[in-house]
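Student: Could you have a look at this structure, given as structure tokens, before my questions?
Read-outs: derived from the displayed coordinates by stated rules, not from any lab. Since this is a predicted model, take the numbers as computed values, not measurements. Glycine gets a Cβ as well: all are built from the backbone with ideal geometry, and neighbour counts include every protein chain shown.
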Amino acid sequence: MKYIFVSGGVISGIGKGVATASIALKIGSAGFKVAPLKIDPYLNVDAGTMNPIHHGEVFVLDDGSETDQDLGNYERFLDEPLNKTNYATSGQVYLSVIQRERSLGYDGDCVEAVPHIPEEIIRRIDEAGKSKKADIAVIEIGGTVGEMQNVFIFEANRMLKLKKPEDVIHIHLSYLPIPPSLGEMKSKPVQMSVKELNSMGIQPDILLARSGVPVDEIRRKKLALFCSVEPEDIISAPDVRNIYEVPVNYEDGGLSGRILQKLRLKRKNKDLKEWRKFESKVSSADKPLKIGIVGKYFSTGDFTLADSYISVIEALKHAAFTQGYKPEIAWIDSGKLLKDIDQLRDYQGIIVPGGFGSRDIEGKIEAIRFCRVNKIPYFGLCYGMQLAVVEYARNVLRMAEANTTEIDPKTKYPVIHIMSDQQKKLLEKDYGGTMRLGAWECKLKPGSLVRKLYGKPKISERHRHRYEFNNEFLKQFNKELYVSGTSPDGKLVEIVEMKDHPFFVGTQFHPELKSRPLDPHPLFMGFIKAASKIILPS
């Protein structure tokens, strides 16, 4: 197996995950089996307990693993499901080493940070490769070069390179700023970033030059000279209109050819045809479509963090671009919505995504009521489904005090309550990896909208929740708002939808996690189609 390490420098958030996904896609299109792997430096055992505002979306896999949002990029670009071996944290690594030491797995040796931590990282890389029967493992190193938290991941890279010098390359994604006061692209930050890499015993084989515009020849020559790389190994990575242009840009820059040459591999085929076709649809989509997302995980200081709902955004784009629409997505703070609920008339569709806790819940419930009454297409995801049930119970079924027991444990009408197996876990504060997670089957009601959209009677979707619909109220919810999807045994409500409405669907699962650029999710396709028929007031 060959190995490609991908690191980032200068600043965080420059697209390391998209770069890794693009490299995996391109190597796969060249005819090789690829295993992507993200290694995060956090001491968290998984991403499940991380605040979305601080870390971004938690991406759930079929096997229930709670991972970094970059796994979503990997799955979307490769169009294949991943598993727990494709994600690791420093917390997992340290825990494994300590547990092995406790069981005398090291035969009484003194256990040290080096070599034992890097060796465990290498073991996990090989495990990911074997899981996918891969020719090449593509490893994204979380964090930025120069941080203390990820030094052992770089050490694993160095040790593996020593052991297999012809099978390991390092690709460094780094940033060339253009200070407005100077108006000139500066290469020094990349030079210093590479110098930091060199201090750890790593020489990058390829540089991805991120900047607002393509890198020019003057900067390319400087980087080649001071970073000890060939000019043709510096691939320009300018800002793009959307992430789906990135693989095409890299391909046009000759990246896959350079990678294969350095790994001494011959291209088996060349096929980005379908990807280029989708990217063409993205570029030509010009019909505006206004979609509002009502939530609370948006603000970080004075800035908006779209990463909290990145899979929802991408699923909307997949469905919209495929139908020729350019989605104009607006963030609606549920905490401020009650002061101006009529602003929802400016949107052709509204989504209430997943979430937890009581903060700003009433704004979400009022948004749902507004969509129901005014026939605005509504899509509720997980918590958005549960609150749709609460709203209907309060305002139609005349259960004024209806609520979810997550918010009001003593509510008179607990239309949403905690799952039976979750009660004990919460009492024991057993939060990590204990929700209903991963892919579960769902049967669809004949004649329902969702049955029509999916085109089949049974589906499998990914979940992440502790609370569920309370079946004691099932009879009341089989009229205007009715249950259209349940678990195969009929015991768990998975989908509710509304009759005589352009689109009003709530899912207990997260359909956005399975949407792909080349295979948009059917529910998002239906939502976009319904929203496109709404004519906004002039």
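Student: Can you give the FRET efficiency to the nearest 0.05 for residue 123 and residue 434, using r as the Cβ-Cβ distance and R₀ = 30 Å? Kindly include the intermediate steps, with their values, before the conclusion.
Tutor: Working: r = 26 Å, r/R0 = 0.87.
So, using R0 = 30 Å, E works out to roughly 0.70.
Student: Right, something else. Tell me, in nm to one decimal, what length is gained between residue 216 and residue 252 on full extension, where the rule is 0.36 nm per residue of separation less the Cα-Cα distance? Write down the numbers at each step before the final one.
Tutor: On the way: separation 36, 0.36 × 36 = 12.96 nm, distance 1.58 nm.
Gain on stretching residue 216 to residue 252: 11.4 nm.
Student: Follow-up. Where the only charges are on Cβ atoms (+1 Lys, Arg; -1 Asp, Glu), what is the dipole of the chain about its Cα centre, to the nearest 20 debye? If you can, show how the numbers build up before the last one.
Tutor: Numbers: 76 positive and 70 negative charges, 300 e Å.
So the dipole magnitude of the chain works out to roughly 1440 debye.
Student: Of all DSSP beta bridges located in region 2-277, what percent are antiparallel, nearest 5? Don't skip to the end; give the middle numbers.
Tutor: Working: 2 of 32 bridges.
Looking only at bridges with both residues in region 2-277, the antiparallel portion is about 5 percent.
Student: Looking at the calculated P(r) for region 286-532, what percent of the C-alpha pair distances fall above 25 Å? Walk me through the numbers before you get to the answer.
Tutor: On the way: 11768 of 30381 pairs.
The calculated P(r) of region 286-532 puts 39 percent of pairs beyond 25 Å.
Student: Given the chain, report the % of alpha carbon pairs whose separation exceeds 42 Å.
Tutor: Numbers: 35300 of 144453 pairs.
Roughly 24 percent, rounded to a whole number.
Student: Got a sec? Which residues in region 166-180 would a label at residue 200 touch, if it sits 7 Å along Cα→Cβ and we count backbone N under 16 Å?
Tutor: Answer for this model: 169-175.
Student: Suppose each label sits 7 Å from its Cα in the direction of the beta carbon; what would the residue 264-residue 356 distance come out to in nanometres?
Tutor: 4.9
Student: So for each of 322-330, 152-160, 21-29 I average, over its residues, the number of other beta carbons within 10 Å; can you give me the resulting order with the highest mean first? Display every interim value, and only then the final one.
Tutor: Details: 322-330: 16.7, 152-160: 22.7, 21-29: 25.8.
Highest mean packing first, the order is 21-29, 152-160, 322-330.
Student: Take every DSSP beta bridge whose two residues both sit in region 286-532, then give the antiparallel share in percent to the nearest 5.
Tutor: Working: 25 of 47 bridges.
Around 55 percent antiparallel, to the nearest 5.
Student: Multiply the residue gap between residue 49 and residue 167 by 0.36 nm, knock off their C-alpha separation, and tell me the result in nm, one decimal place.
Tutor: Full extension from residue 49 to residue 167 adds 38.9 nm.
Student: Rounded to two decimal places and with Rh computed the Kirkwood way over Cα pairs, what is Rg over Rh for region 1-77?
Tutor: Values: Rg = 13.2 Å, Rh = 13.6 Å.
With Rh from the inverse mean 1/r over Cα pairs, Rg/Rh is 0.97.
Student: Sort 101-110, 272-281 by packing, meaning the average of other beta carbons within 10 Å per residue, with the highest value first. Numbers along the way, then the final one.
Tutor: Details: 101-110: 9.5, 272-281: 15.1.
Averaged packing, sorted descending, gives the order 272-281, 101-110.
Student: Counting only helical runs of four or more DSSP H residues, what would the 222 nm mean residue ellipticity of the chain come to if each run contributes -39,500 (n - 2.57) and the total is spread over all its residues?
Tutor: Working: 17 runs with 183 residues, N = 538.
My calculation for the chain gives -10000 deg cm²/dmol from helical runs alone.
Student: Farthest toward the dipole's positive end in the chain, which of 27, 208, 148, given Cβ charges of +1 (Lys, Arg) and -1 (Asp, Glu) about the Cα centre?
Tutor: With unit charges placed on the Cβ atoms, the residue in question is 27.
Student: Once fully extended, how much extra length lies between residue 479 and residue 328, figured as 0.36 nm per residue of separation less the alpha-carbon to alpha-carbon distance? Display every interim value, and only then the final one.
Tutor: Working: separation 151, 0.36 × 151 = 54.36 nm, distance 3.39 nm.
Extra length from residue 479 to residue 328 when fully extended: 51.0 nm.
Student: Further question: Which value, in debye to the nearest 20, describes the size of the charge dipole of region 286-532 about its Cα centre when Lys and Arg Cβ atoms bear +1, Asp and Glu Cβ atoms bear -1, and nothing else is charged?
Tutor: I would put it at about 640 debye.
Student: Here is a further query. List residues of region 149-184, by number, whose backbone nitrogen lies under 20 Å from a label position 7 Å along Cα→C-beta of residue 12.
Tutor: Within reach of a label on residue 12: 149-155, 172-177.
Student: So, in Å, what gap is there between the alpha-carbon centers of region 75-115 and region 493-525?
Tutor: For region 75-115 versus region 493-525, the Cα centre distance is 36 Å.
Student: As an exercise, identify the GluC sites (Glu not before Pro) in region 442-538 lying in DSSP coil whose Cβ has no more than 11 other Cβ atoms within 10 Å.
Tutor: Details: sites: 461, 468, 472, 480, 494, 497, 512; in loops: 480.
Taking region 442-538 and a limit of 11 other Cβ atoms within 10 Å, no loop GluC sites (Glu not before Pro) are found.
Student: For the charge dipole of the chain, defined by +1 on Lys and Arg C-beta atoms and -1 on Asp and Glu C-beta atoms about the Cα centroid, which residue among 538, 448, 255 has the Cα displaced farthest towards the positive pole?
Tutor: My answer, from the dipole projection, is 448.
Student: Tell me, 385, 148, 435 in order of fewest to most beta-carbon neighbours within 10 Å?
Tutor: On the way: 385 27, 148 8, 435 19.
Fewest-to-most ranking of 385, 148, 435: 148, 435, 385.
Student: Separation between the residue 147 and residue 106 pseudo-spin-labels, each 7 Å from Cα along Cα→Cβ, expressed in nm?
Tutor: Taking the two extended label points, one gets 2.5 nm.
Student: Sticking with this structure for a sec: Do the alpha carbons of any pairs in 188/221; 16/266; 375/412; 364/410; 339/364 sit beyond 19 Å of each other, and which pairs?
Tutor: Working: 188/221 13 Å; 16/266 26 Å; 375/412 29 Å; 364/410 21 Å; 339/364 12 Å.
With Cα atoms farther than 19 Å apart: 16/266; 375/412; 364/410.
Student: Compare the peptides 70-77, 246-253, 167-174 by average per-residue count of other Cβ atoms within 10 angstrom and give them in order, highest first.
Tutor: Numbers: 70-77: 26.2, 246-253: 19.2, 167-174: 23.8.
So the peptides 70-77, 246-253, 167-174, ranked by packing, come out 70-77, 167-174, 246-253.
Student: Rounded to the nearest 0.05, what FRET efficiency do residue 242 and residue 114 have when you use their Cβ-Cβ distance and R0 = 51 Å?
Tutor: Working: r = 41 Å, r/R0 = 0.81.
Once rounded, the FRET efficiency stands at 0.80.
Student: For region 445-528, go through all pairs of different Cα atoms, get the mean of 1/r, take its inverse, and jot down that Kirkwood value in Å. It would help to have the intermediate numbers written out before the result.
Tutor: On the way: mean 1/r = 0.0739 Å⁻¹.
It works out to 13.5 Å.
Student: Related question: In debye, nearest 20: dipole of region 54-141 around its Cα centre with unit charges on the Cβ of K, R (+) and D, E (-)?
Tutor: Here region 54-141 has a charge dipole of around 180 debye.
Student: How many percent of DSSP beta bridges within the chain run antiparallel, rounded to 5?
Tutor: Values: 27 of 79 bridges.
For the chain, the DSSP antiparallel bridge percentage is about 35.
Student: What order do you get for 493, 352 when you list them from fewest to most C-beta neighbours inside 10 Å? Provide the component values of the computation, followed by the final result.
Tutor: Working: 493 25, 352 30.
Ordered by Cβ neighbours within 10 Å, fewest first: 493, 352.
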